[in-house]
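Single-structure report; data block below.
The values are calculated or read from the model by the stated rules, or taken from the named source; none is laboratory data. Predicted, not measured: the structure shown is a model, and the values here were computed from it. Counting neighbours? That spans all protein chains shown, and the Cβs are built from the backbone with ideal geometry, glycine included.
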């Protein structure tokens with residue numbers, strides 16, 4: 001039994017009434033029971049219904065599919081696009097620079113084409129663990145956020161760095177300029193966290209090299225927010241990380257996936273992510 005199968009089995013058993021769970025576990029060989037005991041715990045309650053959508057092809061950002069479809073002929077590309085929803089198909093067709101012609105395909109053919117795309121995406125893994133079978137973690141709830149809210153969370157995480165640097169900026173003119181580029185929601189949040197004395201494990205933002213434009217400030221903050229989210233996700237289940245990264249566009253998601261491998265996480269960072277999830 002591979003590790004993912006063991007995780008699914010433990011999750012299913014964890015959600016059974018204790019008498020039934022004990023009875024079922026007696027059918028397992030001793031080495032399997034010992035292997036299950038070593039796995040992280042799972043939520044014993046029924047998983048949130050929102051997880052049913054996370055990890056599916058519809059939840060994956062279309063930009064991840066472009067490199068896969070580039071290897072096919074135009075005829076094959078159109079077949080695959082016919083198996084996707086209209087917005088996704090039109091976005092991919094525009095990126096591939098082909099005219100979208102909807103092919104008539106049967107429901108089984110549509111399911112097969114979608115399954116092939118999902119398999120191609122999950123390589124070199126044979127399959128990604130569905131979110132409802134992920135080991136218990138407060139960060140699993142990130143998968144319930146829309147892409148828009150996930151991006152907002154990333155941007156708000158960076159305000160913790162900005163609040164730290166605000167205490168070190170003595171030039172009032174620069175402080176006012178930065179403040180003027182923030183939304184009212186960001187200003188309110190920044191005021192709530194200004195009193196934090198958190199040491200910054202991520203280094204300076206680089207405001208000394210900022211060109212003074214709102215666009216570059218947003219880029220600077222977004223990159224730092226990605227760094228903080230990656231740090232908070234370090235050590236989480238690999239399938240949680242994979243699913244979350246693929247809900248973002250391939251540019252952001254690819255960067256986040258690399259950042260999740262860097263051991264800069266602190267309990268403070270994780271708590272900040274949890275607090276922001278409660279606000280979004």
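Is segment 197-212 home to any residue that is more than 16 Å from the chain's Cα centre (by Cα), in a helix (DSSP H, G or I) and surrounded by 13 or more Cβ atoms within 10 Å (Cβ to Cβ)?
yes
Among the residues of segment 238-256, are any part of a loop (DSSP other than H, G, I, E, B), under 18 Å from residue 275 (Cβ atoms) and assigned by TED's automatic domain parsing to the domain that holds residue 160?
No, because not a single residue in segment 238-256 is part of a loop (DSSP other than H, G, I, E, B), under 18 Å from residue 275 (Cβ atoms) and assigned by TED's automatic domain parsing to the domain that holds residue 160.
If the requirement is being out of contact with any helix residue (DSSP H, G or I) (no Cβ under 9 Å at 6 or more places or on another chain) and either part of a helix (DSSP H, G or I) or assigned by TED's automatic domain parsing to the domain that holds residue 15 (or both), which of these qualifies: 94, 50?
Working: 50 fails: out of contact with any helix residue (DSSP H, G or I) (no Cβ under 9 Å at 6 or more places or on another chain).
Of 94, 50, the one residue that is out of contact with any helix residue (DSSP H, G or I) (no Cβ under 9 Å at 6 or more places or on another chain) and either part of a helix (DSSP H, G or I) or assigned by TED's automatic domain parsing to the domain that holds residue 15 (or both) is 94.
Show the residue pairs meeting these rules: Cβ distance below 7 Å; 6+ apart or different chains; first residue within segment 18-30 and in the same structural domain as residue 42 (by TED's automatic domain parsing) and free of Cβ contacts under 8 Å to residues at least 12 places away in the same chain; second residue surrounded by 10 or more Cβ atoms within 10 Å (Cβ to Cβ) and not in a helix (DSSP H, G or I).
Filtered contacts from segment 18-30: 24/16.
Among the candidates 71, 41, 45, 63, which residue alone is out of contact with any strand residue (DSSP E or B) (no Cβ under 8 Å at 6 or more places or on another chain), modelled with pLDDT of 80 or more and assigned to a loop (DSSP other than H, G, I, E, B)?
Within the list 71, 41, 45, 63, the selection yields 71.
Table: residues versus (1) touching a helix residue (DSSP H, G or I) at 6+ places or on another chain (Cβ under 8 Å); (2) more than 29 Å from residue 13 (Cα to Cα); (3) not in a loop (DSSP other than H, G, I, E, B).
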| position | (1), (2), (3) |
| --- | --- |
| 33 | yes, no, yes |
| 78 | no, yes, yes |
| 83 | yes, yes, no |
| 113 | yes, yes, yes |
| 136 | no, no, no |
